[in-house]
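First comes the structure, then the notes that go with it.
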Amino acid sequence: MQINGSKDIKEIMKQGLSGTYDRDLYDRIRQNWDKVAKPLDSMGRFEDLTAKVGAIQGRIDPTFEKSAILVFCADNGIVEEHVSQSGQEVTAICAENIAAGKTAVGVMAAMIRADVTAVNVGIANTVSDAVLPVCVRKGTRNFLQEPAMTEAEVYQAMQTGMDLVLAWKQKGYQILGIGEMGIGNTTTSAAMAAAMLGLSADTVTGKGAGLDEQGLTHKKEVIKQALLQHGLQEADTLTILQTVGGLDIAAMTGAIIGGAVYHMPIVLDGVISLVAALTAERLLPNVRDFLIPSHKSKEPAAEKISEKLRLDPVIDAKMAVGEGTGAVMMLTLLKQAALVYQSCNSFEAAGVGQYERYTE
């Protein structure tokens, strides 16, 4: 896809980020929070997060008026190894339903008037153009047999994710959430997490969409075998992504980099988006500054990646829906917090003396 003003992701990774968000603006927003007629810091982490969003947007009044969720859909060749309950045909069906607004993310997003776009970055089966057609290839290869992607395919998927952020910014969107759909992607994400964190498959692998104990044991063995035969515990980040990753993870990695490059706040979802965030941070340090965490997935790798990135999720509900549902839930809470910031009485308007901060 061709986007006016698009930057080349390879060049961005070579050059590094030129800076972070406006720290002075962040401080001014935090100071404005102190003028709202309430106890100091009583909106908790939402005071910090809304200030961060405003500073990324370059606005003293952070806005969530026009928001969207990009759901990156792709298939994974590793499903040939029976690591999931479902076959690849389910990815196509779910992607069409996401595009039609009939799944959890669409129902939730409609409540806050957030737009949802299902993105075909690598679906194996045929889908309609209602699922945005930017397919790199029809599913990855079986990483137990060979690397999941070529280097060119990885870069194409990453460039696609970065370009979509710019395209959505040019359409007037002010904040984006990311999500995914793809049978087998808790296997790809667990394999990547193990390799990047230097942990065992046993430590980071969960049941995904509902494997039984026997299925979980088999899934762990497949990941262990792949990590060993490809030598991934000592590999660089791009090699890990290319070898055991997925097109959805690659595209989300690009979207996260795009958020930093084009100053668009990116709200994460669950463990798979966290894997993409860790990948992006390793490829382009400090992109984490442009990320908003949402929820603590019940997948075991999620907490470890959040700690590594120093991104503490707000919602702890043991969710594992995917699709960007956690991002929508977080957007809902952020919009409510922004209303408090923008619309509540100030101490002056209320005729009450403002609380003061005391320093030791």
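The values are calculated or read from the model by the stated rules, or taken from the named source; none is laboratory data. Keep in mind the model is a prediction, meaning the values are calculated, not measured. Backbone-built Cβ (ideal geometry, glycine too); neighbour counts: all protein chains shown.
Answer yes or no as to whether ALA327 is at pLDDT 90 or above, touching a strand residue (DSSP E or B) at 6+ places or on another chain (Cβ under 9 Å) and either surrounded by fewer than 18 Cβ atoms within 10 Å (Cβ to Cβ) or under 18 Å from VAL105 (Cα atoms) (or both). Working first, answer last.
Values: at pLDDT 90 or above: yes; touching a strand residue (DSSP E or B) at 6+ places or on another chain (Cβ under 9 Å): yes; either surrounded by fewer than 18 Cβ atoms within 10 Å (Cβ to Cβ) or under 18 Å from VAL105 (Cα atoms) (or both): yes.
Taking the combined requirement at face value, the residue satisfies it.
Output the residues belonging to region 252-289 that are under 11 Å from the mean Cα position of the chain (by Cα), hydrophobic (A, V, I, L, M, F, W, C) and not in a helix (DSSP H, G or I).
ILE266, VAL267, LEU268
Within region 201-251, which residues are of a type in the set (Asp, Glu), in a loop (DSSP other than H, G, I, E, B) and modelled with pLDDT of 95 or more? Give the steps one after another, and end with the answer.
Taking region 201-251 as the starting set, the residues that turn out to be of a type in the set (Asp, Glu) are 202, 212-213, 221, 234, 236, 248.
Next cut, in a loop (DSSP other than H, G, I, E, B) only: 212, 236.
Answer for region 201-251, where residues must be of a type in the set (Asp, Glu), in a loop (DSSP other than H, G, I, E, B) and modelled with pLDDT of 95 or more: just ASP236.
Residues in region 271-289: is at least one surrounded by fewer than 24 Cβ atoms within 10 Å (Cβ to Cβ), closer than 29 Å to ASN97 by Cα and in contact (Cβ under 8 Å) with a residue 60 or more places away in the chain?
Within region 271-289, none of the residues are surrounded by fewer than 24 Cβ atoms within 10 Å (Cβ to Cβ), closer than 29 Å to ASN97 by Cα and in contact (Cβ under 8 Å) with a residue 60 or more places away in the chain.
Identify, by number, the condition in (1) part of a helix (DSSP H, G or I); (2) within 26 Å of ALA152 (Cα to Cα); (3) in contact (Cβ under 8 Å) with a residue 24 or more places away in the chain that GLU11 doesn't meet.
Going through (1) part of a helix (DSSP H, G or I); (2) within 26 Å of ALA152 (Cα to Cα); (3) in contact (Cβ under 8 Å) with a residue 24 or more places away in the chain one by one, GLU11 breaks only (3).
Mind checking which residues of region 31-46 are free of Cβ contacts under 8 Å to residues at least 24 places away in the same chain and either closer than 30 Å to ASN97 by Cα or part of a helix (DSSP H, G or I) (or both)? Break it down into steps so the answer makes sense when it comes.
Quick first cut of region 31-46, residues free of Cβ contacts under 8 Å to residues at least 24 places away in the same chain only: 31, 41-42, 44.
Correct list: GLN31 only.
If the requirement is being under 30 Å from GLN354 (Cβ atoms) and of a type outside the set (D, E, K, R), which of these qualifies: GLY77, GLY44, GLY106?
Details: GLY77 fails: under 30 Å from GLN354 (Cβ atoms); GLY106 fails: under 30 Å from GLN354 (Cβ atoms).
Exactly one of GLY77, GLY44, GLY106 is under 30 Å from GLN354 (Cβ atoms) and of a type outside the set (D, E, K, R), namely GLY44.
Which one of ALA124, ALA152 is free of Cβ contacts under 8 Å to residues at least 12 places away in the same chain and more than 17 Å from the chain's Cα centre (by Cα)?
Working: ALA124 fails: free of Cβ contacts under 8 Å to residues at least 12 places away in the same chain.
From the options ALA124, ALA152, the qualifying one is ALA152.
Which members of region 233-246 meet the condition of being over 20 Å from ALA320 (Cα atoms) and either in contact with a strand residue (DSSP E or B) (Cβ under 6 Å, 6 or more places away or on another chain) or without any contact (Cβ under 8 Å) to a residue 40 or more places away in the chain (or both)? Explain how you work it out, then say what you get.
Restricting attention to region 233-246, the residues satisfying the condition of being over 20 Å from ALA320 (Cα atoms) are 233-244.
Answer for region 233-246, where residues must be over 20 Å from ALA320 (Cα atoms) and either in contact with a strand residue (DSSP E or B) (Cβ under 6 Å, 6 or more places away or on another chain) or without any contact (Cβ under 8 Å) to a residue 40 or more places away in the chain (or both): GLN233, GLU234, ASP236, THR239.
Can you tell me which residues in region 156-187 are polar (S, T, N, Q), farther than 13 Å from ILE69 by Cα and either crowded, with 24+ Cβ neighbours inside 10 Å or touching a helix residue (DSSP H, G or I) at 6+ places or on another chain (Cβ under 7 Å) (or both)?
Of everything in region 156-187, those that are polar (S, T, N, Q), farther than 13 Å from ILE69 by Cα and either crowded, with 24+ Cβ neighbours inside 10 Å or touching a helix residue (DSSP H, G or I) at 6+ places or on another chain (Cβ under 7 Å) (or both) turn out to be GLN159, THR160, ASN185, THR186, THR187.
Being surrounded by fewer than 20 Cβ atoms within 10 Å (Cβ to Cβ), touching a residue at least 12 places away in the same chain (Cβ under 8 Å) and either among the β-branched types (Val, Ile, Thr) or in contact with a Leu (Cβ under 9 Å, 6 or more places away or on another chain) (or both) is the requirement here; does VAL116 meet it? Walk me through it before giving the result.
Working: surrounded by fewer than 20 Cβ atoms within 10 Å (Cβ to Cβ): no; touching a residue at least 12 places away in the same chain (Cβ under 8 Å): yes; either among the β-branched types (Val, Ile, Thr) or in contact with a Leu (Cβ under 9 Å, 6 or more places away or on another chain) (or both): yes.
No; evaluated as a whole, the condition is false for this residue.
Quick grid of which residues meet (1) touching a residue at least 60 places away in the same chain (Cβ under 8 Å); (2) assigned to a helix (DSSP H, G or I); (3) hydroxyl-bearing (Ser, Thr, Tyr); (4) closer than 17 Å to VAL71 by Cα:
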position: PRO313; (1), (2), (3), (4): no, no, no, no
position: LYS318; (1), (2), (3), (4): no, no, no, no
position: GLU323; (1), (2), (3), (4): yes, no, no, yes
position: VAL328; (1), (2), (3), (4): yes, yes, no, yes
position: LEU334; (1), (2), (3), (4): yes, yes, no, no
position: LEU339; (1), (2), (3), (4): no, yes, no, no
position: GLN342; (1), (2), (3), (4): yes, yes, no, no
position: GLU348; (1), (2), (3), (4): yes, yes, no, no
position: GLN354; (1), (2), (3), (4): yes, no, no, no
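Of a type in the set (A, V, I, L, M, F, W, C) and crowded, with 18+ Cβ neighbours inside 10 Å: is that true of VAL131 in this structure? Give the derivation first.
On the way: of a type in the set (A, V, I, L, M, F, W, C): yes; crowded, with 18+ Cβ neighbours inside 10 Å: yes.
Considered against the rule, which asks whether it is of a type in the set (A, V, I, L, M, F, W, C) and crowded, with 18+ Cβ neighbours inside 10 Å, VAL131 comes out as yes.
Scan region 47-70 for residues that are closer than 29 Å to VAL119 by Cβ, touching a residue at least 40 places away in the same chain (Cβ under 8 Å) and outside any loop (DSSP other than H, G, I, E, B) and report the count.
Step one: filter region 47-70 for residues closer than 29 Å to VAL119 by Cβ, giving 49-50, 52-59, 62-70.
Filter once more, keeping what is touching a residue at least 40 places away in the same chain (Cβ under 8 Å): 49-50, 52-53, 56-58, 62-70.
Now restrict to residues that are outside any loop (DSSP other than H, G, I, E, B): 49-50, 52-53, 56-57, 67-70.
Within region 47-70, residues that are closer than 29 Å to VAL119 by Cβ, touching a residue at least 40 places away in the same chain (Cβ under 8 Å) and outside any loop (DSSP other than H, G, I, E, B) number 10.
Kindly list the number of the only condition in (1) of a type outside the set (Lys, Arg); (2) more than 12 Å from ALA191 (Cα to Cα); (3) surrounded by fewer than 18 Cβ atoms within 10 Å (Cβ to Cβ) that fails for MET264.
Checking MET264 against (1) of a type outside the set (Lys, Arg); (2) more than 12 Å from ALA191 (Cα to Cα); (3) surrounded by fewer than 18 Cβ atoms within 10 Å (Cβ to Cβ), the one that fails is (3).
Pull up region 17-30, narrow it to residues that are modelled with pLDDT under 95 and either small (Gly, Ala, Ser) or assigned to a helix (DSSP H, G or I) (or both), then point me to the one that is surrounded by the most Cβ atoms within 10 Å (Cβ to Cβ).
Checked region 17-30; the qualifying residue surrounded by the most Cβ atoms within 10 Å (Cβ to Cβ) is GLY19.
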